[in-house]
Amino acid sequence: MELNHILLFTAIATSALVVLQAFRPQSPGARARAAIVLIASVLAWLLARPIAGWLSAIVCCALLVVPGFLQNRAWAARYHYRQSGSDRQSAISVSPVVLALIIVNIAVFILELLAGGSTNPMTLHRLGELDTYSVIFRHQYWRLLAALFLHYGPIHIFFNLFALLLLGPALERQIGGYLFAVCYLVSGIGSSIAVVLLTKLRLLEPVQLVGASGCIMGVVGTWIGFLLRHRHAPLARQRLRNIFVIVLLQLAFDVVTPRVSMSAHLGGLFTGFLLGLLVPAKSVFAERFSFPVRKERGPPAA
């Protein structure tokens with residue numbers, strides 16, 4: 001998985017999301033700037049393919065990422081000023097379980113480096129990569145879980161943890177930390193089981209996999225199931241549309257990118273979707289979104 005390839009896809013995916021109005025609210029001219037990024041990415045791919053990803057990333061950062069960051073920073077400053085202390089903290093803090101998962105993944109990655117290197121096949125196998133042959137014939141079922149915390153190189157772990165940081169905290173606040181951890185881990189195990197079953201049925205060749213992407217797709221699937229149950233809540237349909245776009249882009253990425261397991265991603269997505277249909281919402285979600293309460297202004301203070 002080359003960084004140039006990933007940067008190109010990221011620039012195109014981000015621009016496509018903005019053009020399709022999956023990111024809202026948008027600043028004036030955001031869709032026009034996103035269209036420019038798309039055109040620049042295509043031209044870079046046609047004229048300078050070896051560095052197309054880097055060129056696309058520079059244009060994307062200049063036209064979309066930096067302006068978006070400045071806009072969000074200004075919005076966050078106004079929101080910070082208006083909110084009470086408890087609401088302010090919950091709006092800007094990373095959720096506890098997501099933070100714990102990030103720390104665990106980083107700790108395991110450091111262990112990989114100390115044990116021989118994060119791209120060393122022997123090290124990954126010894127630490128618990130998902131080797132379908134070992135699971136099927138040697139009954140090493142512990143690999144179904146252990147592989148979820150291993151990563152192949154710094155780029156791999158960076159993108160997985162970045163996706164977790166983007167998608168995880170909001171879901172954790174909706175369903176609670178305990179259920180979020182359950183959905184994350186069960187979805188990851190479901191993705192591993194899907195790969196093993198497909199291999200056992202001879203629909204896939206024996207593979208060796210590592211990474212938390214099955215868990216991340218499980219978070220996406222949980223969002224889909226959860227929002228479908230609360231589809232009449234404000235913003236639920238818009239969020240569903242955004243997530244469907246993310247899923248389509250991920251599947252497109254799986255198709256065009258070598259050494260990426262679509263089976264693991266789909267297994268995690270489907271497992272997370274089933275869990276999302278079952279997990280209950282926290283009461284705060286029902287109060288804020290499903291059953292809005294009109295607040296009456298009290299009498300003036302004496």
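Subtracting the Cα-Cα distance of residue 120 and residue 45 from 0.36 nm times their residue separation leaves 23.9 nm of extension gain. Computed over protein heavy atoms with a 1.4 Å probe, the accessible surface of the stretch 128-192 works out to 41 Å² per residue.
Distance between the C-alpha centers of the stretch 165-220 and the stretch 114-140? Whole Å please. Cα centroid to Cα centroid, the span is 18 Å.
The values are calculated or read from the model by the stated rules, or taken from the named source; none is laboratory data. Treat the numbers as computed from the prediction; the structure is a model and nothing was measured. In case anyone asks, the SASA skips ligands and DNA or RNA and just uses the protein heavy atoms, side chains included. Shrake-Rupley method; radii C 1.70, N 1.55, O 1.52, S 1.80 Å.
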